[in-house]
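Quick notes on the structure that follows.
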Amino acid sequence: MSVGTRIQDVLLLFEELRNAPYAPAAFATSFGAEDMVLTDLIAKHAPWIEIFTLDTGRLPEETYRLMQETQGHYHLPIQVYFPEHGTVERYVREHGPNAFYESQELRKACCHMRKVEPLQRALRGKGAWVTGMRREQALSRQDLAVREWDVAHELPKFNPMADWLGEEVWDYIRHFEVPHNRLHDQGYPSIGCAPCTRAISPGQDIRAGRWWWENPATRECGLHVVDGKLVRAKPAIPQKTSGQI
């Protein structure tokens, strides 16, 4: 499939999000390559979609630079959500700043306070949310649908790039001169918090550098997970009834 066709499919989906029952829709960006493609398309064609990001407090400097560059390049407001400081202070006081290396339980607790809880606040009052997730990104995402019902947040979730290939993402970035995270040029295909992300070798799974000390089948931060499993509900999104949020 051509990139042009891919783009048209995304824009058709964006039109669905313009009105009820999905408005207001919000796009969650972590400034990865896929997210920058969606940011470019939203800036050009769908300004009615709000853009937000989760600043965990442990992001790489390159991500902050791209955040600044993105705001200047597109002149779009990007809502930033931070972890609750009291929760972070208690975690560090009780376990230490890098306790996430010690056990999966402590790693998930760190992801929860830095990502999951802020996401819950970011999605409050929204009609739908958009992600840059792709099936190629991880073993746990191989059945990813373009349209889903997010059980955890009781919201329709759209993954417009679910079936895009990595080369299509980069073809778009190069063709439209989209800003991107410079860590991608240094062998980081997937970028999260600095202590939990590292470069990978050619041929490795593209998320092999995320939480590399854990089982590949469970390497999710919790944003898309319920009871330890990637949320995979229904491809068809249920329509909201009157008055439902």
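The values are calculated or read from the model by the stated rules, or taken from the named source; none is laboratory data. The structure presented is a predicted model; accordingly, all values stated were derived computationally and were not measured. The protein model used for the area step is the full one, side chains on, heavy atoms only, and it has no ligands, DNA or RNA in it. Shrake-Rupley method; radii C 1.70, N 1.55, O 1.52, S 1.80 Å.
Can you give the Kirkwood hydrodynamic radius for the chain, in Å, rounded to one decimal and based on Cα pairs?
Every distinct Cα pair counted, the radius reaches 18.5 Å.
With springs only between Cα atoms under 10 Å apart, run a GNM on the chain and tell me which of 135, 58, 90 wobbles the most.
90
Using a 1.4 angstrom probe on heavy atoms only, work out the carbon and sulfur share of the accessible area of the chain in %.
The nonpolar share, carbon plus sulfur, comes to 51 percent.
Principal axis extents for region 95-223, Cα atoms only, whole Å, descending order, please.
Projected onto the principal axes, the Cα atoms of region 95-223 cover 46, 39, 26 Å.
Taking only C-alpha pairs under 8 Å that are 6+ residues apart, what is the relative contact order of the chain in percent?
23
How many percent of DSSP beta bridges within the chain run antiparallel, rounded to 5?
So the antiparallel bridges amount to about 35 percent of the total.
Quick check for you: with a 1.4 Å probe and neighbouring chains kept, what is the accessible area per residue of the chain, in Å²?
On a per-residue basis, 48 Å².
Which value in deg cm²/dmol, rounded to the nearest 500, describes the helix-derived mean residue ellipticity at 222 nm for the chain, given -39,500 (n - 2.57) per DSSP H run of n ≥ 4 and division by the residue count?
Result for the chain, helices only: -9500 deg cm²/dmol.
Mind checking which aspartates and glutamates have their Cα closer than 12 Å to the Cα of residue 126? Skip sequence neighbours fewer than 8 apart in that chain.
Filter leaves 50, 154.
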